[in-house]
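Participant: Got a structure for you, questions after.
No value in this document is a laboratory result; all are computed from the given coordinates. Owing to the predicted nature of the structure, the values given are computational and were not obtained by experimental measurement. Glycine also receives a Cβ, built like all others from the backbone with ideal geometry; neighbour counts cover every protein chain displayed.
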Ligand SMILES: [Mg+2]
């Protein structure tokens, strides 16, 4: 059994969303510099690209020929980035899971690595499946999920994906993976998935349901 954890807003929750906002501010700064846009315009385009292309980078590559390296080198630099905090329960929860644990993220490895170190859970994972390792393709592109099955040497219900974005769960469902939506508003969200939790801390509560279905 292999557990695949999205990084942002899944391994750390919406209660620490200021971590992701600090990265978003850097993305906005990148757009302001590159296109000489105002902060408000840059912010709007950031959100628009993310909605249309899955990631801001997706839009920048498709429409403006921005290279992933220049983009990530810029947004992962600077003193203003925040990191999620160490909490003992998180480590205990992860280490209690049977099987292998991986991080499966649309970010570049160094962003997730820094956060895992800050949360002191880097040794809870066998590795990080990041956007660079998929030649800059990312969730929810179906070919990425097919590649994960090859790399993990596991298929279907042997794989469990936890993610805060409903769109990222759909290709996993199509392959028969077990899927967990992790989102504070999950109960109101109409999403097909194996189980829903508001926060990672609730994972033990759905554990038996998850493994019997
Ligand atoms: Mg996420």
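Participant: Take every Cα pair under 8 Å in the stretch 105-213 that's 6+ residues apart, average their separations, divide by the length, and report that relative contact order as a whole percent.
Facilitator: RCO, the stretch 105-213: 16 percent.
Participant: What is the helix-to-structure angle for 142-152, meaning the angle in degrees between its Cα long axis and the longest Cα principal axis of the chain, kept from 0 to 90 and rounded to the nearest 10?
Facilitator: 50
Participant: Further question on the same structure: Going by how many other Cβ atoms sit within 10 Å of their own, how do 63, 97, 159 line up, fewest first?
Facilitator: Lowest count first: 63, 97, 159.
Participant: Mind telling me which of 120, 185, 83 comes out most flexible in a GNM of the chain, alpha-carbon contacts under 10 Å?
Facilitator: Highest fluctuation of the listed residues: 185.
Participant: Could you tell me the relative contact order of the chain? Use alpha-carbon pairs under 8 Å, at least six residues apart, and round to a whole percent. If you can, show how the numbers build up before the last one.
Facilitator: Working: 308 pairs, mean separation 49.5, N = 213.
This gives 23 percent for the chain.
Participant: When averaged across all projection directions, what area in nm² does the alpha-carbon convex hull of the stretch 18-75 cover?
Facilitator: Averaged projected hull area, Cα only: 3.6 nm².
Participant: Over the alpha-carbon set of the stretch 122-213, divide Rg by the Kirkwood Rh and report the Rg/Rh ratio to two decimals.
Facilitator: Rg/Rh: 0.96.
Participant: Taking Cα centroids, how far is the stretch 20-87 from the stretch 110-132 in Å?
Facilitator: 20
Participant: With the radius of gyration and the Kirkwood radius both derived from the Cα set of the chain, what is their ratio Rg to Rh?
Facilitator: Radius of gyration relative to Kirkwood radius: 0.96.
Participant: I've got another one for you. Figure the gain on full extension for residue 110 and residue 205 (residue separation times 0.36 nm, minus the Cα-Cα span) and round it to one decimal in nm. Can you show the working numbers first?
Facilitator: On the way: separation 95, 0.36 × 95 = 34.20 nm, distance 3.13 nm.
Full-extension gain reported as 31.1 nm.
Participant: Could you check the spin-label model distance between residue 187 and residue 18? Points 7 Å from the Cα along Cα→Cβ, value in nm.
Facilitator: 2.7
Participant: Would you mind ranking 19, 180, 148 by Cβ crowding within 10 Å, fewest neighbours first? Don't jump to the answer; show the numbers that get you there.
Facilitator: Values: 19 20, 180 28, 148 23.
Starting with the residue having the fewest Cβ neighbours, the order is 19, 148, 180.
Participant: At 0.36 nm per residue, and after removing the present C-alpha to C-alpha distance, how many nm does the segment from residue 153 to residue 86 gain when stretched out fully? Kindly include the intermediate steps, with their values, before the conclusion.
Facilitator: Numbers: separation 67, 0.36 × 67 = 24.12 nm, distance 3.15 nm.
Fully extending the segment from residue 153 to residue 86 adds 21.0 nm.
Participant: A further question follows. Note down the nm distance, to one decimal, between modelled labels 7 Å out along Cα→Cβ at residue 69 and at residue 135.
Facilitator: Each label point lies 7 Å from its Cα, and together they span 1.7 nm.
Participant: Which of 104, 74 has the fewest other C-beta atoms within 10 Å, and how do the rest follow up to the most?
Facilitator: Sorted ascending by nearby Cβ count, the order is 74, 104.
Participant: Does anyone have the angle between helix 203-212 and the longest principal axis of the chain? Alpha-carbon axes, 0 to 90°, nearest 10?
Facilitator: It works out to around 60 degrees.
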